[in-house]
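Accompanying notes for the structure given below.
A short reminder: the numbers here are calculations on the coordinates, not readings from a lab. Just so it is clear, the model here is predicted, and its values are computed rather than measured. FYI the Cβ positions are ideal-geometry reconstructions off the backbone, even for glycines, and counts take in every protein chain you see.
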Amino acid sequence: MSYEIPNQHKDPAVQAIVDSLEDNKAEKVTVIPLKGKAEFAEFMVVASGRSNKHVDSVSEKVYRDLKSQKHFVHKPEGKPLCDWTVIDAGHVLVHIFRNEVREVYDLEKLWSEDFTNINTAS
């Protein structure tokens, strides 16, 4: 099952990440646009692996795929435990979780909030 990025969010690095995740059997791939919500990245890609070894393998393969395609990318963090790995691809952050850990952090819910109505203390 292929995940297609909505037209307004097309980005070559995001598409390369999603393609790599799918090629390596990551599950529940989600792309979260961060425009207007964060300054550290434009997109967040969240995916699940079936086990620690799967999370490790998928994160390494995504890193190698991005590097071979000449995208900006840092080595995955979160090793050796691999409950959750993070790959910094510049304007895209990639989070790969074990399913149980993903449920705890629920980044999709956190980043789906409307940040425009948040009051800040002066």
Where does each of 96-105, 49-58 land if you order them by average Cβ count within 10 Å, highest first? 49-58, 96-105
What distance in nm lies between label points placed 7 Å from Cα along the C-beta direction at K70 and K25? 3.3 nm
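Determine the dipole magnitude for region 7-111: charges of +1 sit on the beta-carbon of Lys and Arg, -1 on that of Asp and Glu, nothing else is charged, the reference point is the Cα centre, and the result goes in debye to the nearest 20.
Around 160 debye, computed over region 7-111.
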Give me the one-decimal nm value for the distance between modelled label points at N99 and D83, 7 Å along each residue's Cα-to-Cβ direction. 1.8 nm
When the distances between all Cα atoms of region 7-111 are binned every 5 Å from zero, what whole-number percent does each bin get? 2, 14, 26, 27, 20, 9, 2, 0
